[in-house]
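The structure appears below as structure tokens.
The values are calculated or read from the model by the stated rules, or taken from the named source; none is laboratory data. In this text the structure is predicted, and so the values were computed from the model without any measurement. All Cβ positions, glycine included, derive from the backbone under ideal geometry; neighbour counts span all protein chains shown. Each accessible area value is taken on the protein alone, full model and side chains, heavy atoms only, with ligands, DNA and RNA left out. Shrake-Rupley method; radii C 1.70, N 1.55, O 1.52, S 1.80 Å.
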Amino acid sequence: MSDLIISPSSAKRKRAKKTTGPLSIGSEWTFELIDRYYKEISRVAGEFQLDTYPNQLEIITAEQMMDAYASVGMPVMYHHWSYGKHFLSTERGYKRGQMGLAYEIVINSNPCISYLMEENSITMQALVIAHAAFGHNSFFKGNYLFRSWTDASAIIDYLVFARQYIRQCEERHGVDTVEELLDSCHALMNYGVDRYKRPPKLSVAEEQAKQADREAYLQSQVNDLWRTLPRRAEEAEKTEAARFPPEPQENLLYFIEKYAPLLEPWQRELVRIVRKVAQYFYPQRQTQVMNEGWATFWHYTIMNRLYDEGLITDGAIMEFLHSHTNVVYQPPVSSRWYSGINPYALGFAMYSDIRRICEHPTEEDRRWFPDLAGTEWRPALEFAMKNFKDESFIAQYLSPKLIRDFRLFAVRDDDHEAKLEVSVIHNEDGYREIRRKLADQYNLGNREPNIQVWEVNTRGDRSLTLRHIQHNRRPLANTVHEVLKHISRLWGFSVKLESCDGEGRVILTYDCKMEKRHG
């Protein structure tokens, strides 16, 4: 396939197939024009062997884009007041010119649905098709986290089921009651995922068929757990001796769904819905750099190929490059716009760097990447996309050249010392240490507090005890008290949180007393 690959950054840019002229002149788009662009982009993507789900393109207005934007990118998401609040905030900022909108939204589904904004020019529509319909789409289908943890064929149907079920609950129990419960569930979404075991895949047919049976079963389990009078004395002694749960539990929402003493069956179903949605988004939270970098790499490569073949004009490629440059811009740390490392910039740079190492390795590259330097770039890129998440991707592929290009270095911030220290600079050992530290920053286990269900007082006041293990002596934020209120609301009884140091010693406790059952 090497004869099909033309480097977009090559100095010898050539127009291999300038036979039909550009697909369009001017910025206006029509459905026929989008179809022509789609066919050409699909052809180029096929030449690069991008494996994708079937595509479904939908043109939506700016208002519809803001609506989808506010609903965590899912236009068929259930209703909640927070989405409306987000929508109004986005709309106000957009109309005042204080912010722009995403050019597209793409859903990890089969077929893969890409929403294109009608205000886009035809060049931007082409960019979006290359970026979303072929870049993100192939990542959703190929990356191991998405293959293992999400079911692209069922998510849309499941969200439709969830929206209908929540609407029915609002009619039966009142909007305020339902939203209050959803508020508490949303506050715990990051603690409603299975991190180390593969969850069962979504199946809307099974969800609907088993819903009644599941509610009855869950309620029976809860009733058995909270039985106050054991049948025999020996059984009582055995129960008192047993600790529940026998092992710490990381999935807080799952534990509440299964064992909260006072939740009604419909409330358990709502907890389950939020938990399922949180699990669906879990792979995206772990692959932001890889996913956006992959899509950006391919829209750049495909659009340049179209230009090389004479299918888009000089004006169109300049418009494209203007947008692309904005996407991959990394503001310096001194800039007012700096908000951390831009995942588009880092991801795009890393995939481009892998290709460079394969095609034009330096002596340094051969020392650092002996199995990569000089090999075919397309299989190397495919392997990296399929088998890593952000943390391991950076640990494996961040090169000394990129560390120099991004001017990365490490600062030691120890709360036991009065001054900051530049602990790592650009030398052989420093490159490895910077790469390790940056990879650690993308480890969700380091970024989010480690909180687990520790114990339930099943024979006394039914209080729930959680344990937090500090990472690098980092305390919990002040929002801990509000979060405990949400947990207590779902659990129905008092909740205690014990914060422990690295050796497991309890150094701080937080309490949320529940004075009455429905406080």
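What does the extension gain come out to for R172 and T325, with contour length at 0.36 nm per residue minus their alpha carbon separation? It would help to have the intermediate numbers written out before the result.
Numbers: separation 153, 0.36 × 153 = 55.08 nm, distance 5.15 nm.
Full extension of this stretch gives 49.9 nm more.
Go through K39/K401; K85/K437; K141/K389; K85/K496; K389/K437 and tell me which ones have a Cα-Cα distance over 26 Å in this structure.
Working: K39/K401 37 Å; K85/K437 37 Å; K141/K389 14 Å; K85/K496 32 Å; K389/K437 15 Å.
Beyond 26 Å: K39/K401; K85/K437; K85/K496.
Can you sort F388, F406, F383 by 1.4 Å-probe accessible area, starting with the largest? Walk me through the numbers before you get to the answer.
Working: F388 25, F406 50, F383 115 Å².
Ranked list, largest accessible area first: F383, F406, F388.
Carbon-plus-sulfur fraction of the accessible area of the range 447-512, 1.4 Å probe, in percent? Each step should come with its number before you reach the end.
Numbers: 1580 of 3430 Å².
With neighbouring chains kept in place, the figure for the range 447-512 is 46 percent.
Filter the trypsin sites (Lys or Arg not before Pro) in the range 117-203 to those in DSSP coil with at most 15 other Cβ atoms within 10 Å of their Cβ, and list the result. Present the calculation step by step, with values, prior to reporting the outcome.
Numbers: sites: K141, R147, R163, R167, R172, R195, K197, K201; in loops: R195, K197, K201.
Of the trypsin sites (Lys or Arg not before Pro), the ones in loops of the range 117-203 whose Cβ has at most 15 other Cβ atoms within 10 Å are R195, K197, K201.
Say the dipole of the range 358-416 comes from +1 at the beta carbon of Lys and Arg and -1 at that of Asp and Glu; which of A410, L381, A395 then lies farthest toward its positive end?
So the residue we want is L381.
Enumerate by residue number the GluC sites (Glu not before Pro) in the range 402-468 meeting two conditions: DSSP loop (anything except H, G, I, E, B), and at most 12 other Cβ atoms within 10 Å of the site's Cβ.
On the way: sites: E417, E421, E428, E433, E455; in loops: E417.
Here the GluC sites (Glu not before Pro) that fit, given the DSSP loop and packing criteria, are E417.
Between the range 282-309 and the range 19-59, what's the alpha-carbon centroid distance in Å?
Spelled out, the Cα-based centre of one part sits 16 Å from the other.
Enter the accessible area per residue of the range 358-444 (Å², integer; probe 1.4 Å; all protein chains in place). Intermediate values should be presented prior to the final figure.
Values: 5100 Å² over 87 residues.
In whole numbers, the range 358-444 has 59 Å² accessible per residue.
Whole-Hz ³J(HN,Hα) for each residue in the range 493-504, computed from phi via Karplus 6.51 cos²θ - 1.76 cosθ + 1.60 with θ = phi - 60°, x for glycine and proline: what do you get?
Computed from phi, the couplings for the range 493-504 are 9, 5, 10, 10, 10, 9, 9, 10, 7, x, 9, x Hz.
Considering only protein heavy atoms and a probe of 1.4 Å, how much of the accessible area of the range 358-444 is carbon and sulfur, as a whole percent?
Numbers: 2410 of 5100 Å².
Here it works out to 47 percent.
Tabulate in residue order the Karplus-calculated ³J(HN,Hα) for the range 55-60, using 6.51 cos²θ - 1.76 cosθ + 1.60 with θ = phi - 60°, rounded to whole Hz; enter x for Gly and Pro.
Values per residue, Gly and Pro as x: 9, 10, 9, 10, 9, 10 Hz.
Show the residues, 5+ positions off or on another chain, whose built amide H is closer than 5 Å to the amide H of M117.
I60
Which far-off residues, 5 or more places away or on another chain, put their amide H under 5 Å from the one on S423, with H placed in the peptide plane?
Long-range HN contacts for S423: A410, V411, R412.
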